[in-house]
Amino acid sequence: MCLLYSTAPCTSKISIFSTIFPTLRRSSHRASFGRRTRVRAEARSDGLDTPTVQESSEQQEAESSSNSKPPPLPSAAPAIDKNVKKVVQKTASTFAPRASTATKNPAVPGTALYTLFEVQGYASMLFGGALSFNLIFPSNEPDIWRLMGMWSVWMFTIPSLRARDCSKNEKEALNYLFLLIPLLNVVIPFFWKSFSIVWSADTIAFFVMYAWKLGWLQRSE
């Protein structure tokens, strides 16, 4: 009886505590969960996390914009050069002296006719320089000889060299010179009334055009 009496109050006490403690545990768990949710809500409502995401996205956009450069525009220089070549070739072939027949040019490299035209072209240039500098048929007044010496590069040198079967680049250089030298001979006398200066300008233009079209400077480098 004593044992039964002693165990009954114990079991009642345990049951009482067991009924009290779960409520305490549940209430404490709810309170901690509410605190956690509040902390998270407060951390999210601070607005500190969103700017970092925005800043990182802005940096990525700036880097992508800096890396993605616009494609270069196609230059119009090759098209202009091609059109100029066509105009010069057409003009020079229209007005410059050419063969009267459609047969193949016999003045090919290595033939005597090719050498004859080449020697004639450079000899006429030197003879024209001597006339323009008043070394041959000297006179104190402007005369036909000095005028012919001034125009010797255009009248004799270029036609003689164009009569050969020369390369494409040399033919282009002669076509440009056929149009450039008359401009020099008309413009320069407005500033310097000298036959020798005009002939010197024609000669310089001749060799500069050859150096450009034939690539003399590139080969020397």
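The values are calculated or read from the model by the stated rules, or taken from the named source; none is laboratory data. Just so it is clear, the model here is predicted, and its values are computed rather than measured. Cβ placement follows ideal geometry from the backbone for every residue including glycine, while neighbour counts extend to all protein chains displayed. To get the accessible areas, we keep the full protein, side chains included, count just its heavy atoms, and leave off ligands, DNA and RNA. Shrake-Rupley method; radii C 1.70, N 1.55, O 1.52, S 1.80 Å.
Numerical summary
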item: Exclusive hit being within 30 Å of Pro109 (Cα to Cα) and surrounded by fewer than 16 Cβ atoms within 10 Å (Cβ to Cβ), set Leu180, Leu174, Leu214, Leu147; result: Leu214
item: Selection from region 161-193 of residues that are at pLDDT below 95, part of a helix (DSSP H, G or I) and polar (S, T, N, Q); result: Asn169, Asn175
item: Residue check, Gly121 touching a Gly at 6+ places or on another chain (Cβ under 7 Å), at pLDDT 95 or above and not hydroxyl-bearing (Ser, Thr, Tyr); result: no
item: Boolean, Pro142 is touching a residue at least 12 places away in the same chain (Cβ under 8 Å) and open to solvent by 70 Å² or more (accessible area, probe 1.4 Å); result: yes
item: Filter result (in a loop (DSSP other than H, G, I, E, B) and under 18 Å from Trp151 (Cβ atoms)) within region 194-221; result: Ser194
item: Test for Ile158: is it closer than 27 Å to Thr103 by Cβ and open to solvent by less than 40 Å² (accessible area, probe 1.4 Å); result: yes
